[in-house]
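Structure first, then comments.
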Amino acid sequence: MITFLYAILLMAIMGFGVGLGLSIASKKFEVKEDPKVKEVLNVLPGANCGMCGYAGCAAYAHAIVEQHASFDLCVPGRKGGVGEKVKEIMTKASSENTNTQKQTASH
Ligand code: SF4
């Protein structure tokens, strides 16, 4: 009986240790993503059809934000005005950056 309790205690300690290690590693190696990627991804249709030339909607959203890809490549979203919505997000983001830079420069 005592061996059984030791085995359970050992498993609990090992589980806690591995959980703690994974928690620390996830914080330490966390990849920060530009919040604009999520905003752009939210207005894309989510069909993941690849007609834009990218592997899916997430890849296209990353390309728009990080590589300045064209806003109007999403064929299924054209009728819904996806290109305009994406342009709005990117324009808003760039004007916010400009305002932040002006405020920083004035101080
Ligand atoms: S064309 Fe539009 S719906 Fe299709 S993968 Fe590209 S962004 Fe997604």
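The values are calculated or read from the model by the stated rules, or taken from the named source; none is laboratory data. Keep in mind it's a predicted model, so treat the numbers as computed, not measured. When we count neighbours, we look across all protein chains shown, and the Cβ atoms used for this are built from the backbone with ideal geometry, even at glycine.
Structure notes:
- Contacts under 8 angstrom Cβ, first residue in the range 61-82 being in a loop (DSSP other than H, G, I, E, B), partner within 12 Å of the ligand (Cβ to nearest atom) and of a type in the set (Lys, Arg), 6 or more apart: Asp72/Arg78
- Cβ pairs under 7 Å, 6+ apart, first in the range 46-59 and more than 6 Å from the ligand (Cβ to nearest atom), second outside any helix (DSSP H, G or I): Gly53/Leu73
- Check on Leu5, aliphatic (A, V, I, L, M) and under 21 Å from Lys92 (Cβ atoms): no
A quick yes/no check of all residues on (1) more than 15 Å from the chain's Cα centre (by Cα); (2) part of a helix (DSSP H, G or I); (3) modelled with pLDDT under 95; (4) among the β-branched types (Val, Ile, Thr):
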position: Leu10; (1), (2), (3), (4): yes, yes, no, no
position: Val31; (1), (2), (3), (4): no, no, yes, yes
position: Gly50; (1), (2), (3), (4): yes, no, no, no
position: Gly53; (1), (2), (3), (4): yes, no, no, no
position: Ala58; (1), (2), (3), (4): no, yes, no, no
position: Ser95; (1), (2), (3), (4): yes, yes, yes, no
position: Thr100; (1), (2), (3), (4): yes, yes, yes, yes
position: Gln103; (1), (2), (3), (4): yes, yes, yes, no
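- The residues of the range 25-73 that are farther than 16 Å from Lys92 by Cβ and among the aliphatic types (A, V, I, L, M), listed by number, are Ala25, Val31, Leu44, Ala47, Met51, Ala55, Ala58, Ala59, Ala63, Ala69, Leu73.
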